[in-house]
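The values are calculated or read from the model by the stated rules, or taken from the named source; none is laboratory data. Not measured: the values here are computed from a predicted model. Note that we place each Cβ from the backbone using ideal geometry, even for glycine, and neighbour counts take in every protein chain shown. Heads up: the accessible areas ignore ligands, DNA and RNA and are worked out on the full protein's heavy atoms, side chains in. Shrake-Rupley method; radii C 1.70, N 1.55, O 1.52, S 1.80 Å.
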Amino acid sequence: MTANPEDPGATMSTRRLLHAYLTEAKYECLRLLRSPAFAGPFLGLPVLLYLLFGVLLFGDALGKDPKAALFLFMGFATFGVMGPGMFGFGITIATERERGLFALKRALPMPPAAALLAKLAMSILFVAIIMVTMVAAEPLGHLKLTAAQLAGMSAVNILGAAPFGAIGLFIGTWASAKAAPALVNLLYLPMIYLSGFLIPMPKSLEWIERLSPAFHLHQLALRAIGAPNVGLPLAHVAVLAAVTVVLTALAVRRLARVG
Amino acid sequence: MNNNCLAELKGVTKRFGAVVALDGLDLEVRPGELLALLGPNGAGKTTAISLMLGLLQPERGTARLYGQSPLRVEARRRIGVMMQEVSPAPDLRVREQIDLVASYYPNPARPEVVMEMTHLTPLARRYYGKLSNGQKRQVQFAMAVCGRPKLMFLDEPTVGLDVQAREAMWATLRQLVGDGGSIVLTTHYLEEAEALADRVVVLAKGRVLAAGSVSEMRALVVRTRIRCVSTLAVEQVGAWPGVGSVTRDGPRLEITATNAEAVVRQLLAADEDLQELEVRRAGLAEVFTELTQEDTK
């Protein structure tokens, strides 16, 4: 019988393979855009909070303090990177696992990693949307960043979607659909406050910041616009890359074993 | 590996904790056949399918799909799958669900063709989450056939379907087998196996209890079922030679017999008022009950 793996019936052309990856990504994005109650908060919150604090409430004071105005703007931009990956990956993967969808896709000939790459594409697209909203809000916040600075900051933050996607992926592959939102929040909320990008940490507690991937991304984004930053850029990249690779590897291993 | 089979389990043992789900199971799927896996809950039907799909790994023995490990995506490109307890994304439309799964295959059918074949065209733009349970099963069936696979694994495909939809799915399954496809089907509905299967494998406690064509399975248990309206006592009839079991259902007696002719003669002689006499060969249901009961004794 047809036990030959080279049988043309079982080989995918590169064009078909690419089409499979793109189709998976297209429907992943479409699904999240169709759930505004789920995607809305992490898409809209960063710019809304920035407008509330940076423009409406403290706009006048910040107008006299360009350093603080920049700190707030860059802080909310980093905050915007965290949501799509942590929530978008974490909760959707936990839910899909519980629905048996991952098992079905493992049984079907879905190209390896298509589901994960689709989710990564989704979180990159969503971070890009958030960056567009932040860039649009920037002139309201008494800032005078150049187009190159805004492009640099956006590029760093869009790449920053990967480590947060890996964190979400890791949680989503271990937690049940019920536990995932709580676990994501348990990490997400302290990370907002303890990474020093919205509220500066006291000197004695600065070591805590360095444990957070958000701190390292924030420093890279500051560097991209030429603002004062701490630490070696290569060290920040190394931390973010390590988080991405290690957590993705652990999650992929678990997905392959238990679905 | 037998060159003439598409999927194969050989001496497969699988445990879940202390529970032995499969106990040295041998099973093969041949080209062009519809194989029905029957068995009570917990018999190991879904476990057997999961092993052939590579979702589970055997502790002992081997699982092969087209002569390869089922973990190889090349092997899985020739199969279609419909599983139990799977809910695809509720926020994708019917056509989109089919389009997505079709993208995994080298040479799929167009979603429109698949929807026509599975009677889903009127539902094309409906969100999956808004469908009835029966309609959801139909979409899952469409997802299983859209890649034009040579071999399909269907785990309880007609659960939740109304009679009309079930008949329509049966017709499609017959057509697929007629076109040279092979299907492995697990079912609780014995009439489904009886209506469709070329070969039946009865599983219980992770082992094959019996395997063969529907008529071979019937012949395994050479019993006949006799029904009639009679006032004769159950105990009296039960004592006659050739009578297996007797039960009363209102005015009716239900008798299973190994020697139907003799029992019918005796019935007519003993009860002149006997009415509505009905004699038929045991169906798969009786065979199945008897086989699985014998196994648990």
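What the table below lists for this structure:
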{"quantity": "Relative contact order computed over chain A (Cα-Cα under 8 Å; 6+ residues apart), in percent", "calculated": "25 percent"}
{"quantity": "Rel. contact order, % - alpha carbon contacts under 8 angstrom, at least six apart, chain B", "calculated": "19 percent"}
{"quantity": "Loop sites in region B:24-90: GluC sites (Glu not before Pro), DSSP, at most 14 other Cβ within 10 Å", "calculated": "B:Glu59, B:Glu85"}
{"quantity": "Selected from A:Ala107, A:Ala182, A:Ala137 as most flexible by GNM, with chain A as the system and alpha-carbon contacts under 10 Å", "calculated": "A:Ala107"}
{"quantity": "With eigenvalues of the C-alpha gyration tensor scaled by 5 and rooted, region A:8-258, Å", "calculated": "34, 19, 17"}
{"quantity": "In region A:8-258, lysine pairs closer than 23 Å at Cα, eight or more apart or cross-chain", "calculated": "8"}
{"quantity": "Alpha-carbon spread of chain B, three principal axes, descending order, Å", "calculated": "69, 47, 35"}
{"quantity": "Nearest-20 debye value, region B:1-116 charge dipole, Cβ charges on Lys, Arg, Asp, Glu", "calculated": "300 debye"}
{"quantity": "Per residue solvent-accessible surface (Å²) - chain B, probe of 1.4 Å", "calculated": "44 Å²"}
{"quantity": "Inter-chain shielding of A:23-35 (mean C-beta neighbours from other protein chains, 10 Å cut-off)", "calculated": "4"}
{"quantity": "A:Val246-A:Ala148 FRET efficiency (beta carbon distance; Förster radius 30 Å; 0.05 resolution)", "calculated": "0.35"}
{"quantity": "Fully extended contour minus Cα-Cα distance, from A:Leu30 to A:Ala227, at 0.36 nm per residue", "calculated": "67.3 nm"}
{"quantity": "Average silhouette area of region A:1-134, convex hull of alpha-carbon atoms, in square nanometres", "calculated": "10.7 nm²"}
{"quantity": "Dipole magnitude of the protein assembly as shown, debye to nearest 20 (Cβ charges: Lys/Arg +1, Asp/Glu -1, about Cα centre)", "calculated": "1880 debye"}
{"quantity": "Area hidden from solvent between A and B (accessible, protein heavy atoms only, 1.4 Å, total, Å²)", "calculated": "3300 Å²"}
{"quantity": "Among B:Thr13, B:Thr247, B:Thr187, residue whose mean-square fluctuation peaks in a GNM of chain B (springs only between Cα atoms under 10 Å)", "calculated": "B:Thr247"}
{"quantity": "Accessible surface, per residue, of region A:8-258 when the full set of protein chains is kept, probe 1.4 Å, Å²", "calculated": "45 Å²"}
{"quantity": "Helix-only [θ]222 nm of chain B, DSSP H runs n ≥ 4, -39500 (n - 2.57) each, per residue, nearest 500", "calculated": "-9500 deg cm²/dmol"}
{"quantity": "Given charges at Cβ of Lys, Arg, Asp, Glu: region A:1-98 dipole, positive-most of A:Val81, A:Leu32, A:Gly54", "calculated": "A:Gly54"}
{"quantity": "Protein accessible area in the protein assembly as shown, 1.4 Å probe - carbon and sulfur %", "calculated": "61 percent"}
{"quantity": "Under the Debye formula (equal points on every Cα, no solvent term), log10 I(q)/I(0) of the protein assembly as shown at q = 0.12 Å⁻¹", "calculated": "-1.11"}
{"quantity": "Fluctuation leader among A:Gly100, A:Gly85, A:Gly160 - chain A, Gaussian network, Cα springs under 10 angstrom", "calculated": "A:Gly100"}
{"quantity": "Inter-label distance, nm, simple model (7 Å from Cα along the C-beta direction), B:Thr62/A:Arg257", "calculated": "2.5 nm"}
{"quantity": "Only Lys, Arg (+1) and Asp, Glu (-1) charged, at Cβ; chain A dipole about Cα centre in debye", "calculated": "400 debye"}
{"quantity": "Cα centroid of region B:164-221 to Cα centroid of region A:22-40, whole Å", "calculated": "40 Å"}
